[in-house]
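Take a look at the structure set out below.
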Amino acid sequence: DIEGQKVIVKNALEGQIVRFFINKKKRDKIEGRLLEVIEPSPIEQPAACKHFGICGGCRYQNLSYEQQLDLKKRQVEELIEKSGLSFAIENIYGSPITEGYRNKMEFTFGDEEKDGPLALGMHKRNSFHDIVTVDEWQIVDSDYRKILDAVLEFCAGKELPFYKKLRHEGYLRHLLVRRTTVTKQLLVAVVTTSDKEMEEKANWTELVEILKNLDLSAKLCGVIHIINDGLA
């Protein structure tokens, strides 16, 4: 607490001793940004994914699944209490699949640091620009990781530039992968801007053949090239 007010520090866990700075101060609450975890919480455990803490895609992988469910139940109870309602939450029911459960992902092209090599993955935590290549990400199955690796290697080999949001220039934007759970079918889409010169340089039919020859557990049913010239 600061001056009798509760401080909400995003990405911090109950029981941690942290260093933070205040970035928002409102009448009813204060928000802080996490700078450093000085001492871990007694309930923490090593995260299964090597990208945890760097990638901004997950927040609670350093908790057991049971502790995650308990935390989410308390979060729902707090929301209900703030709304002025009053009723009991019986339970938060967990999924039978706790790893590799995502069936749709949109990865972003970029670089991990300014003018660094091409990256393909998720935004770094607390960053709008920097991208971390999530080649061992644990919330998708191995098919996603194989496709990501193949697309990144292909695009880097062709020296294709990624789209820079602030300058509104560049070519590569996103890689979209969808997978059906029951029929085990895969759809892959590469999203770029409309640049004829880059399209000829890329020759996307080469990538199609590469993806068709990957050892995948699901059936590859389509590869699409999507053109998006929007600013966002």
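The values are calculated or read from the model by the stated rules, or taken from the named source; none is laboratory data. These numbers were taken from a predicted model, which means no experiment stands behind them. Neighbour counts are summed over all protein chains in view; Cβ atoms, including those assigned to glycine, are modelled from backbone coordinates with ideal geometry. When the accessible area is computed, the model is the full protein with side chains, heavy atoms only, and any ligands, DNA or RNA have been set aside. Shrake-Rupley method; radii C 1.70, N 1.55, O 1.52, S 1.80 Å.
Simple point charges give the picture: +1 on the Cβ of Lys and Arg, -1 on the Cβ of Asp and Glu, and for the range 101-232 a dipole about the Cα centre of about 620 debye. Of the residues ASP195, ASP111, ranked by 1.4 Å probe accessible area with the largest first, the sequence reads ASP195, ASP111. The heavy atoms of ASP130 present about 50 square angstrom of accessible area, all protein chains included, probe 1.4 Å.
May I ask you to derive the FRET efficiency for VAL7 and GLU200 from their Cβ-Cβ distance with R0 = 45 Å, giving the value to the nearest 0.05? Once rounded, the FRET efficiency stands at 0.25.
Run through the range 92-147 and list the trypsin sites (Lys or Arg not before Pro) located in a DSSP loop whose Cβ has at most 11 other Cβ atoms within 10 Å.
LYS114
Close amide H pairs (under 5 Å, H built 1.01 Å from N) link THR133 with LEU120, residues at least 5 positions away or on another chain. Taking every protein chain into account, the accessible area of the chain amounts to 63 square angstrom per residue (probe 1.4 Å). Lysine pair count for the range 1-140 with Cα-Cα distance under 18 Å and sequence separation of 8 or more or different chains is 18. Among GLY15, GLY53, GLY121, the residue with the largest mean-square fluctuation in a Gaussian network model of the chain, with springs joining Cα atoms closer than 10 Å, is GLY15. Only protein heavy atoms count here; under a 1.4 Å probe, THR98 has an accessible surface of about 70 Å². Below 8 Å, C-alpha to C-alpha, sequence gap of six or more: please give me the relative contact order for the chain in percent. Once normalised by length, the contact order is 13 percent.
Seen against the Cα atoms of the chain and their longest principal axis, helix 65-82 is set at about 60 degrees.
The label-point distance for SER217 and LYS26, in a model that sets each label 7 Å from Cα toward Cβ, rounds to 4.2 nm. Remark: accessible surface ordering of SER41, SER86, SER95 (largest first) is SER86, SER95, SER41, probe radius 1.4 Å.
Net charge dipole, the chain: roughly 680 debye, given to the nearest 20, about the Cα centre with Cβ charges of +1 for Lys and Arg and -1 for Asp and Glu. Within the listed set ASN126, ASN103, ASN23, the residue fluctuating most in the Gaussian network model of the chain (springs between alpha-carbon atoms under 10 angstrom) is ASN23.
Stretch ARG167-ASN91 to full length: gain in nm at 0.36 nm per residue minus the Cα-Cα span?
In short, 22.6 nm is gained.
What FRET efficiency would be calculated for the residue pair HIS225, TYR65, taking the C-beta separation as r and a Förster radius of 41 Å, to the nearest 0.05? All intermediate terms of the calculation are to be shown ahead of the outcome.
Working: r = 38 Å, r/R0 = 0.93.
Result of the calculation: an efficiency of 0.60.
Of ALA47, ALA202, ALA88, the residue with the greatest mean-square motion in the GNM of the chain, using alpha carbon springs below 10 Å, is ALA88.
Looking at the chain, send over the antiparallel percent of its DSSP beta bridges, to the nearest 5.
Details: 30 of 44 bridges.
Just about 70 percent of them are antiparallel.
For the range 98-232, the carbon plus sulfur part of the accessible surface works out to 49%, probe radius 1.4 Å.
So between GLN45 and LEU176, what do we pick up on full extension, going 0.36 nm a residue minus the alpha carbon distance? Working shown, then result.
Details: separation 131, 0.36 × 131 = 47.16 nm, distance 3.13 nm.
Fully extending the segment from GLN45 to LEU176 adds 44.0 nm.
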